[in-house]
1. Six or more apart or on different chains, Cβ under 6 Å: which pairs go from a residue in the range 47-63 that's within 18 Å of Val134 (Cβ to Cβ) and open to solvent by less than 40 Å² (accessible area, probe 1.4 Å) to one that's at pLDDT 95 or above and not in a helix (DSSP H, G or I)? Could you list them?
2. Residues of the range 66-92 being open to solvent by 60 Å² or more (accessible area, probe 1.4 Å) and either of a type in the set (A, V, I, L, M) or closer than 12 Å to Glu43 by Cβ (or both), which ones?
3. Residues that are touching a Gly at 6+ places or on another chain (Cβ under 9 Å), more than 24 Å from Leu155 (Cα to Cα) and modelled with pLDDT of 95 or more: does the range 76-84 have at least one?
4. Could you tell me which residue of the range 199-225 is nearest to Arg159 (Cα to Cα), considering only residues that are open to solvent by 50 Å² or more (accessible area, probe 1.4 Å) and not small (Gly, Ala, Ser)?
5. Residue by residue through the range 98-139, note down the ones that are in contact (Cβ under 8 Å) with a residue 24 or more places away in the chain, touching a helix residue (DSSP H, G or I) at 6+ places or on another chain (Cβ under 8 Å) and either of a type in the set (D, E, K, R) or open to solvent by 60 Å² or more (accessible area, probe 1.4 Å) (or both).
6. Can you pull out every residue in the range 45-81 that is out of contact with any Ser or Thr (no Cβ under 6 Å at 6 or more places or on another chain) and outside any helix (DSSP H, G or I)?
7. Would you check if there is a residue in the range 126-149 being among the basic types (Lys, Arg) and in a loop (DSSP other than H, G, I, E, B)?
Amino acid sequence: MATTTNKQRILNQFFSLLKKQYDPPEQDPRPVLEQFIFGLCHENATPEQADQAYKNLRASFFDWNEVRVSSPRELEEAMSNLPDAGVRAERLIAFLQEVFETTYSFDLESLHKKKGVKEAAQKLARFQAANDYVISWVMQQSLGGHAIPLDSNTLRTVRRLGLVDHEQEDLDTVRTSLEHLVPKAKGSHFTEMVSLLANDYCWENEPNCAGCPLSSDCPSGQDSLAAEPAGRSGRAKPR
């Protein structure tokens, strides 16, 4: 189990080294409903992939009502650059339908009027299309909360880095641990850089530890490099 001091050292290296390679811009401000949709696109996808899918939706359909009444196949085509685009398309339609039936509009700005971020998150959680990642994304981006969205790519990467303990399985416990470690002001950059690191190096199978800029600080990377035969560095990403 890594100590808090070791976790902080790794986190400092994370920001210091990855800033040289990645410097993702701040996300554009969006209404709550649109941040929900963007979060749905962003889960297990890079910022660029999510941004492209979101732009495709805005360009391909007149408004969110047209998205709501379109077929899953049409939405899947617009989000074809994302993994599991068909599942996302069905979730998006279900979300917009539920919002429309609840508010007779496509406006969730009333969440800003809730007494606190926790109450707003509980309101978001009532939507069937919501999950932990999307709720945390909206909290971080629109509602002023300190939340670290956790998808499978993020969980895999932070565990390998030793930022959270492998013994921590409960999602709320993992998130709370990260939120204590990562300053609120850096939460958005942390989210984006983790997704890029996972996409470029920390793959689920045969991660490219030799090419990773954090390999000398990552416990899993060190173990992998020690066990790896010579001449296998710089592998291409598995397809």
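The values are calculated or read from the model by the stated rules, or taken from the named source; none is laboratory data. This is a predicted model, so every value here is computed, not measured. With ideal geometry, Cβ positions are generated from the backbone for all residues, glycine too; neighbour counts draw on all protein chains shown. The accessibility values were calculated without ligands, DNA or RNA, using every heavy atom of the protein model including side chains. Shrake-Rupley method; radii C 1.70, N 1.55, O 1.52, S 1.80 Å.
1. As it stands, the answer is Ala53/Met79; Ala53/Asn81; Ala53/Leu82, since those pairs meet every condition given.
2. Val69, Asp84, Val87
3. Yes, the range 76-84 has at least one match.
4. So, considering only residues that are open to solvent by 50 Å² or more (accessible area, probe 1.4 Å) and not small (Gly, Ala, Ser), the one nearest to Arg159 (Cα to Cα) is Pro219.
5. The answer is Phe100, Asp107, Glu109, His112, Gln128, Asp132.
6. Ala45, Phe61, Phe62, Asp63, Ser70, Ser71, Met79, Ser80, Asn81
7. First, the residues of the range 126-149 that are among the basic types (Lys, Arg): 126.
From the residues that got through so far, the ones that are in a loop (DSSP other than H, G, I, E, B) too are 126.
Looking through the range 126-149, at least one residue is among the basic types (Lys, Arg) and in a loop (DSSP other than H, G, I, E, B).
Residue-wise test of (1) part of a loop (DSSP other than H, G, I, E, B); (2) at pLDDT below 95.
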{"position": "Leu197", "(1), (2)": "no, no"}
{"position": "Ser216", "(1), (2)": "yes, yes"}
{"position": "Asp223", "(1), (2)": "no, yes"}
{"position": "Ser233", "(1), (2)": "yes, yes"}
